[in-house]
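Since the structure comes first, as structure tokens, the remarks are kept for the end.
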């Protein structure tokens, strides 16, 4: 069970409570403590957190018209935001960024993600490969640089870090943002410190960002302190936050160590790097919809799929339109993440996985249809066509029939609102393109 699931389960037990007395709040805090400790939040933080919840809940009166559950949820939200630290907003200006971190933190991939982040905001970017210890680090960063479409510099086989940086700064002097990917180690040691001090002196970074894997949990706080003592880091990037149940522990530990979380990695793709926003993070933990992120994800998906918004207009829904929608949805990332943005974090894992698999099947099925079949769905009901489409798409006839059923349900749903102008305005405002909710 991850932190969010544990907290949501604890809050759900308040449903039906008419008063908040000592017994209710202490039972609630026991559940909170269990959830937070299992997510590797430091025990001292858990203790002080639940103590503040108890003191506030028992001293303050619930405002009229507010349910005990909503009152406690708001209190938990506020305290969690405080515990997870301030949100971050970077200055979009020329800078030099040094990335630091141990092996397995995702540092090299993060370098490319960060490069894309600044390039997307109008700044030219260059990457310097300065990891001379890990095999294939040079090749990995070079490949990622091409994918991000940013400049790259490295000297393959060169062990002199000072030379790489001097030559790299000359080669990339016209780049507004220069990012240096330093070497890591399996553990923090003096050799790593000495290397970082050389890079720090030669590169003269304006930002020194430590990259930490979310799975490290509360150890993230200790890592942040060690690197900060060595080279005075300016912030932390937490990676692999989307697949870790210990991300809350990592973020709370970083904040308690007095170091700022600046970015979070939320997936494998190069655009899966987000500014750290404690309110959004806590909102996700509590199952609060993140409409802003959902809209951005949809718009990015439509752009990545190279789709004209007019192609997904809902005025005349047919299989061609539906196919275009599926292509965009396939670019939105794991279904689990999309459902989380919608506030549906507790949808069973198997349901999310089945939904993802169903989308892939449906895309394959429609791609096996003729142009005529995509435009006139009624003719697809013929058995011979169903059999041919199933064979051509590598699916079963049952899968094709399931698609027909789901498509007709969607068409009926939108037909109900075809002449509802207020509904159409909401759809347009929400998605900017008529994309189905």
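The values are calculated or read from the model by the stated rules, or taken from the named source; none is laboratory data. What you are looking at is a predicted structure, and each value in this text was computed from that prediction instead of being measured. Backbone-built Cβ (ideal geometry, glycine too); neighbour counts: all protein chains shown.
Quick notes
- Here residue 339 meets the list (1) modelled with pLDDT of 70 or more; (2) in contact with a helix residue (DSSP H, G or I) (Cβ under 9 Å, 6 or more places away or on another chain) almost entirely, failing just condition (1).
- Evaluation of residue 133 against the conditions (1) crowded, with 22+ Cβ neighbours inside 10 Å; (2) closer than 13 Å to residue 199 by Cβ shows that the sole unmet condition is (1).
- Qualifying residue in region 218-232 (condition: surrounded by 24 or more Cβ atoms within 10 Å (Cβ to Cβ) and in a strand (DSSP E or B)): no
- Test: residue in region 163-183 that is under 19 Å from residue 268 (Cα atoms) and in contact with a helix residue (DSSP H, G or I) (Cβ under 7 Å, 6 or more places away or on another chain): yes
- Breaking point among (1) modelled with pLDDT of 85 or more; (2) under 24 Å from residue 140 (Cβ atoms); (3) over 14 Å from the mean Cα position of the chain (by Cα), for residue 252: (2)
- In region 195-225, the residues that are within 15 Å of residue 99 (Cα to Cα) and out of contact with any strand residue (DSSP E or B) (no Cβ under 9 Å at 6 or more places or on another chain): 197, 198, 201, 202
- Qualifying residues in region 1-27 (those that are more than 29 Å from the chain's Cα centre (by Cα) and surrounded by 20 or more Cβ atoms within 10 Å (Cβ to Cβ)) - the one farthest from residue 52 (Cα to Cα): 14
- The set of residues from region 251-263 being without any contact (Cβ under 8 Å) to a residue 40 or more places away in the chain and touching a helix residue (DSSP H, G or I) at 6+ places or on another chain (Cβ under 8 Å) comprises just one member, 257.
- The set of residues in region 52-70 that are surrounded by fewer than 18 Cβ atoms within 10 Å (Cβ to Cβ) and in a helix (DSSP H, G or I) comprises 52, 54, 55, 56, 58, 59, 69, 70.
- Any hit, region 83-95, residues being at pLDDT below 95 and in a helix (DSSP H, G or I): yes
- Residue selected from region 199-213 under the condition in contact (Cβ under 8 Å) with a residue 40 or more places away in the chain and in a helix (DSSP H, G or I), by the criterion farthest from residue 257 (Cα to Cα): 202
- Here residue 75 passes the criteria (1) free of Cβ contacts under 8 Å to residues at least 60 places away in the same chain; (2) in a loop (DSSP other than H, G, I, E, B); (3) surrounded by 15 or more Cβ atoms within 10 Å (Cβ to Cβ) except the one numbered (2).
- Residue 95 falls short of the stated requirement of being surrounded by 14 or more Cβ atoms within 10 Å (Cβ to Cβ), touching a helix residue (DSSP H, G or I) at 6+ places or on another chain (Cβ under 8 Å) and either outside the structural domain of residue 126 (by TED's automatic domain parsing) or closer than 30 Å to residue 207 by Cα (or both).
- Selection of strands (runs of 3 or more DSSP E) fully inside region 112-198 by the criterion of at least 2 residues being in contact (Cβ under 8 Å) with a residue 24 or more places away in the chain and closer than 23 Å to residue 233 by Cβ returns 125-130, 177-182.
- Helices (runs of 4 or more DSSP H) completely within region 379-437 that count 3 or more residues being modelled with pLDDT under 65: 397-416, 421-431
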